[in-house]
Amino acid sequence: MTIQPPGRRGLASPHLRRRQLGRAFAVGLALTTALATAGTAAAAPPPSSWALGSNVTVFDPSMPVGDIQATLDAANAAQVANEMGTARHAYLFKPGTYGTAQQPLQIKVGYYTEIAGLGASPNDVVINGKVEVYNRCLENGGTSNCLALVNFWRTLSNLSININSVGQDGCRGSADFWAVSQAVSMRRLNISGANLSLMDYCTAGPQYASGGFIADSKLPFVVSGSQQQWLTRNSEVAGWSNGVWNQVFSGVVGAPSEAGFPDPPYTTLDNTPVSREKPYLFVDAQGKYNVRVPAAQRNSRGITWGNGMTPGRTVPLTDFYVASPSDSVQVINNQLARGKNLLLTPGVYDIARSIEVKRADTVVLGLGHATLTAVNGSTPLDIADVSGVIVAGVTIDAGLTKSPVLLRVGKPHGNKKTSADNPTTLSDVYFRVGGPHVGKADIALEVNSDNVLIDHTWVWRGDHGVEGFTDTQRWNTNIGRNGVVINGDNVTALGLFVEHFQQYNTVWNGDNGTTIFFQNELPYDPPTQADWMNGNVEGWAAYKVNDCVKTHHLYGGGAYVFNQNNPSIHTENGFEVPQTPGVQLHHIMTVNLSAGTIDHVVNGVGGPADTTRVGSPVFIAQYPTP
């Protein structure tokens, strides 16, 4: 793909989706194993912080740049293709400057890796160099079929990057590359010195990328390129170019106008109606670890740290129970009952009974993509009907026995009356049903409480993995009925990625809900039309608002179809909502990725997304029509 010069928009080629590349995936899986083994063998044991677990590495500016570079290079070699592995790591930087003009620190970020500064402000940690993610090249020895469609599960936050390309070739020197797809967040960043590119145009094609999230960041000119969908929230940008299908901006200073939609396909809200930034670790002047817990904001715009410390409260690390994967749930629950918050150090936790969060304002913070795996059909995380609970940086996996739900907020028939000024908040919380192993869950995320804020989530029933099944077998093996079910009122979702579930992917039963950015792929794997029927209706919509709902708003929504098992399958509507004036959908679309058909965008309105228009969306600017 050729990137257009800044200020011009170039559409990507039609989306060649992830599992069309069956041969490529097999090569990539072999590469995963080889690199993970080689990287682990080659890497010297990195320095770690005793306070934060053996999989956390803490750097300080007195360390030689070469030593830091070697540690991070070894980490990337081990994780760059370890898509379904169990290794989890966080690399944290104490306040100071890393890298020089002559010897920049150039970091590449692999799977299940968190890179973060430990300053109170992003300006307290400065990287002279780069922090990047490149395409994975899955064929011909890693030289062709290069794309970012499966560059998931990585985190970058709370630091400044002065882009320095010394030692890189001309193309690599043209930008800082962050070529990613789902379950990847950039938060609290101050980037300067060159463009930021959300695709990797320096490798052989097809160079596709498929979505991500930025919040609370000050950015240079951004080249979106082949990014099919993206959400940028409460940030500042010097400029933005390109857009494929669904680019959403909320509370962003310098955001492009949505005038002319769908060309370009921008959705722009001046302010974010309700938001709360993700908690972050920092080291104070005495060298002690703390967690800053940002306050909720209303009708906000721009960054939170421009005029000093992000508004909120500081909680010393001594008020947290620092857990490791060897801890039992009983130990964790006992600590929560004693009034402790919970810090989950990097690793995979087997959860045979629920971690129960019953106290208002409890913080559950995961480092390095800490992962909770359901055992014996458990619900790994259960949150009471209380206000101000924050869960951030946690991945939750279904297990071999079907769970009723993986994360529940509030009881199904509970009190529900929680605080609008202090919402329970889920930030960078990800879900998987299948992928690294067989998974079964009736519902991934169920929200029963009122006034809950979802701040970036990817809820995924695996369309590929290492379970050893064909795509046809996966339909009857990896079981996931619904991805997200919202029963509470006044719930807000900022960045709702939900994919591949076997009935409605998202069900909204509560009143006065708001979604800013929704992205969905319908399941790839229904064997027959009979397997994909909602009574007498062909298929299940990606986004369903219950008929009893009186008020609901969706800004920027996309539903995609790729029925690779049976291309003759139809889905009647991408979106189904009650026909009432209070339910408003703004900038929605459906698109065909090369197989199957979505007959209408919403409620019988909008033409078919079928194989006559692969990669070319069907857009509805406003529903109902003004």
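The values are calculated or read from the model by the stated rules, or taken from the named source; none is laboratory data. It should be emphasised that the depicted structure is a prediction, and the values quoted were computed from it without experimental measurement. Cβ placement follows ideal geometry from the backbone for every residue including glycine, while neighbour counts extend to all protein chains displayed.
One residue is enough: does segment 408-429 have a residue meeting the conditions buried (at least 23 other Cβ atoms within 10 Å of the Cβ) and farther than 29 Å from residue 514 by Cβ? There is no residue in segment 408-429 that is buried (at least 23 other Cβ atoms within 10 Å of the Cβ) and farther than 29 Å from residue 514 by Cβ.
Matching residues to (1) more than 24 Å from residue 565 (Cβ to Cβ); (2) not hydrophobic (A, V, I, L, M, F, W, C):
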site: 450; (1), (2): yes, yes
site: 455; (1), (2): yes, yes
site: 465; (1), (2): no, yes
site: 479; (1), (2): no, no
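Annotation note: of 299, 341, the sole residue that is in contact with a helix residue (DSSP H, G or I) (Cβ under 8 Å, 6 or more places away or on another chain) and either in the same structural domain as residue 117 (by TED's automatic domain parsing) or touching a residue at least 24 places away in the same chain (Cβ under 8 Å) (or both) is 341.
Among the residues here, residue 573 does not qualify as among the polar types (S, T, N, Q) and free of Cβ contacts under 8 Å to residues at least 12 places away in the same chain.
Within segment 393-407, being surrounded by 23 or more Cβ atoms within 10 Å (Cβ to Cβ) and outside any strand (DSSP E or B) holds for one residue alone: 398. Pairs linking a residue in segment 61-80 that is free of Cβ contacts under 8 Å to residues at least 40 places away in the same chain to a residue that is assigned to a helix (DSSP H, G or I), with Cβ atoms under 8 Å and 6 or more positions apart or on different chains, are 74/39; 74/42; 75/39; 76/39.
Looking across segment 419-445, the residues that are of a type in the set (A, V, I, L, M, F, W, C), more than 27 Å from residue 298 (Cα to Cα) and in a strand (DSSP E or B) come down to 431, 433, 441, 443, 444. In the set 411, 416, only one residue is part of a loop (DSSP other than H, G, I, E, B), of a type outside the set (Ser, Thr, Tyr) and on the phi > 0 side of the Ramachandran plot; that residue is 416.
Looking only at residues in segment 92-120 that are touching a Phe, Trp or Tyr at 6+ places or on another chain (Cβ under 8 Å) and surrounded by fewer than 21 Cβ atoms within 10 Å (Cβ to Cβ), the one that is nearest to residue 436 (Cα to Cα) is 108.
Consider segment 535-558. How many of its residues are outside any strand (DSSP E or B), of a type outside the set (S, T, N, Q) and surrounded by fewer than 22 Cβ atoms within 10 Å (Cβ to Cβ)?
Total meeting the criteria: 5.
A count restricted to segment 449-477 and to residues that are at pLDDT 95 or above and of a type in the set (S, T, N, Q) stands at 3.
Residue count for segment 374-400 under the criterion of being within 21 Å of residue 334 (Cβ to Cβ) and of a type in the set (S, T, N, Q): the result is 3.
Give the residue that is nearest to residue 428 (Cα to Cα), with candidates limited to residues of segment 451-471 that are assigned to a strand (DSSP E or B) and in contact with an Asp or Glu (Cβ under 6 Å, 6 or more places away or on another chain).
456
The rows are residues; the columns are (1) within 22 Å of residue 454 (Cβ to Cβ); (2) among the basic types (Lys, Arg); (3) surrounded by 24 or more Cβ atoms within 10 Å (Cβ to Cβ); (4) touching an Asp or Glu at 6+ places or on another chain (Cβ under 8 Å).
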{"position": "232", "(1), (2), (3), (4)": "yes, no, yes, no"}
{"position": "238", "(1), (2), (3), (4)": "no, no, no, no"}
{"position": "244", "(1), (2), (3), (4)": "no, no, yes, no"}
{"position": "253", "(1), (2), (3), (4)": "no, no, no, yes"}
{"position": "258", "(1), (2), (3), (4)": "no, no, no, no"}
{"position": "264", "(1), (2), (3), (4)": "no, no, no, no"}
{"position": "270", "(1), (2), (3), (4)": "yes, no, no, no"}
{"position": "286", "(1), (2), (3), (4)": "no, no, no, no"}
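Among the residues of segment 313-335, those identified as crowded, with 20+ Cβ neighbours inside 10 Å and either assigned by TED's automatic domain parsing to the domain that holds residue 374 or assigned to a helix (DSSP H, G or I) (or both) are 329, 332.
Can you name the number of the only condition in (1) among the β-branched types (Val, Ile, Thr); (2) touching a Leu at 6+ places or on another chain (Cβ under 8 Å); (3) part of a loop (DSSP other than H, G, I, E, B) that residue 561 fails? Evaluating residue 561 over (1) among the β-branched types (Val, Ile, Thr); (2) touching a Leu at 6+ places or on another chain (Cβ under 8 Å); (3) part of a loop (DSSP other than H, G, I, E, B) leaves (3) as the failure.
Per-residue answers, yes or no, for (1) within 22 Å of the chain's Cα centre (by Cα); (2) assigned to a loop (DSSP other than H, G, I, E, B); (3) under 16 Å from residue 444 (Cα atoms); (4) not acidic (Asp, Glu):
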{"site": "493", "(1), (2), (3), (4)": "yes, no, yes, yes"}
{"site": "498", "(1), (2), (3), (4)": "yes, no, yes, yes"}
{"site": "501", "(1), (2), (3), (4)": "yes, yes, yes, yes"}
{"site": "504", "(1), (2), (3), (4)": "yes, yes, yes, yes"}
{"site": "510", "(1), (2), (3), (4)": "no, yes, no, yes"}
{"site": "514", "(1), (2), (3), (4)": "yes, no, no, yes"}
{"site": "518", "(1), (2), (3), (4)": "yes, no, no, yes"}
{"site": "524", "(1), (2), (3), (4)": "yes, yes, no, yes"}
{"site": "527", "(1), (2), (3), (4)": "no, yes, no, yes"}
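Note on segment 591-626: residues that are in contact with a Gly (Cβ under 6 Å, 6 or more places away or on another chain) and either outside the structural domain of residue 537 (by TED's automatic domain parsing) or closer than 23 Å to residue 529 by Cα (or both) amount to 4. Closer than 24 Å to residue 423 by Cα and either hydrophobic (A, V, I, L, M, F, W, C) or not assigned by TED's automatic domain parsing to the domain that holds residue 229 (or both), is that true of residue 289? So residue 289 does not fit the description; no.
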